[in-house]
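Asker: Before anything else, here's the structure in question.
The values are calculated or read from the model by the stated rules, or taken from the named source; none is laboratory data. Quick caveat: nothing in here was measured; it's all calculated off a predicted structure. Note that we place each Cβ from the backbone using ideal geometry, even for glycine, and neighbour counts take in every protein chain shown. Heads up: the accessible areas ignore ligands, DNA and RNA and are worked out on the full protein's heavy atoms, side chains in. Shrake-Rupley method; radii C 1.70, N 1.55, O 1.52, S 1.80 Å.
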Amino acid sequence: MTDLSKATAEAVEAAKQGEQFAVMLAAIQAAQIVQQLQQPPAPAPVQQQRAGEAGKWLAIGVGGSMLMVTVAFAAVALAIAAASVALVALVVYGIYRDIRRR
């Protein structure tokens, strides 16, 4: 066999293998496309609120409200105490004046 006929035979064989490779590649790509068409679309992600967010803000609101109620009661108690001290001071001063006159 001459070099030319040997090279020709190898070229024909390579062409056949190239065609087979192209057919196999086309079959793989077709299988991938069919598989993608058969898969159901992924469900849309559901946006969920994080578990601690609502509870955190609820706790802040309740805590702030209780703090304000506490401050209000403290202010009322302070006003009552001041009025009581003033009344006691007036009574004691009145008694002192009565004793001093005698």
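Asker: Count the net charge of all other residues whose Cβ sits under 14 Å from the Cβ of Tyr93, scoring Lys and Arg as +1 and Asp and Glu as -1.
Answerer: Working: positive: Arg97, Arg100, Arg101; negative: Asp98.
Residues near Tyr93 contribute +2 overall.
Asker: Suppose all protein chains stay in the model; what accessible area per residue would a 1.4 Å probe give for the chain, in Å²?
Answerer: On the way: 9590 Å² over 102 residues.
Per residue, the chain has an accessible area of 94 Å².
Asker: By what distance, in whole Å, do the Cα atoms of the chain stretch along each of the three principal axes, largest value first?
Answerer: Projected onto the principal axes, the Cα atoms of the chain cover 156, 32, 9 Å.
Asker: Another question about this same structure. Suppose only helical runs count, i.e. DSSP H with n ≥ 4. What mean residue ellipticity at 222 nm does that imply for the chain under -39500 (n - 2.57) per run, divided by all residues and rounded to the nearest 500 deg cm²/dmol?
Answerer: Working: 2 runs with 87 residues, N = 102.
Estimated from H runs of four or more residues: -31500 deg cm²/dmol.
Asker: Would you be so kind as to identify which of Val76, Pro45, Met24 lies farthest towards the positive end of the dipole of the chain, taking Lys and Arg as +1 and Asp and Glu as -1 on Cβ and the Cα centre as origin?
Answerer: Val76
Asker: Got a number for carbon plus sulfur as a percent of the chain's accessible area, 1.4 Å probe? Write down the numbers at each step before the final one.
Answerer: Working: 6630 of 9590 Å².
Of all accessible area on the chain, carbon and sulfur atoms account for 69 percent.
Asker: Name the residue, out of Ala30, Ala83, Ala11, whose mean-square fluctuation peaks in a Gaussian network model built on the chain with Cα pairs under 10 Å.
Answerer: So, out of Ala30, Ala83, Ala11, the one fluctuating most is Ala11.
Asker: Determine the sum of side-chain charges near Val12: Lys and Arg each +1, Asp and Glu each -1, restricted to other residues whose C-beta is under 12 angstrom from that of Val12.
Answerer: On the way: positive: Lys6, Lys16; negative: Glu10, Glu13, Glu19.
It works out to a net charge of -1.
Asker: Sticking with this one: Taking the Cα centre of the chain as origin, sum charge times position over the Cβ atoms of Lys and Arg (+1) and Asp and Glu (-1), and report the length of that vector in debye to the nearest 20.
Answerer: Working: 8 positive and 6 negative charges, 360 e Å.
Computed about the Cα centre, the dipole is about 1720 debye.
Asker: Oh, and also: How much accessible surface does Ile33 have with a 1.4 Å probe, in Å² rounded to 10?
Answerer: Rounded to the nearest 10, the figure is 100 Å².
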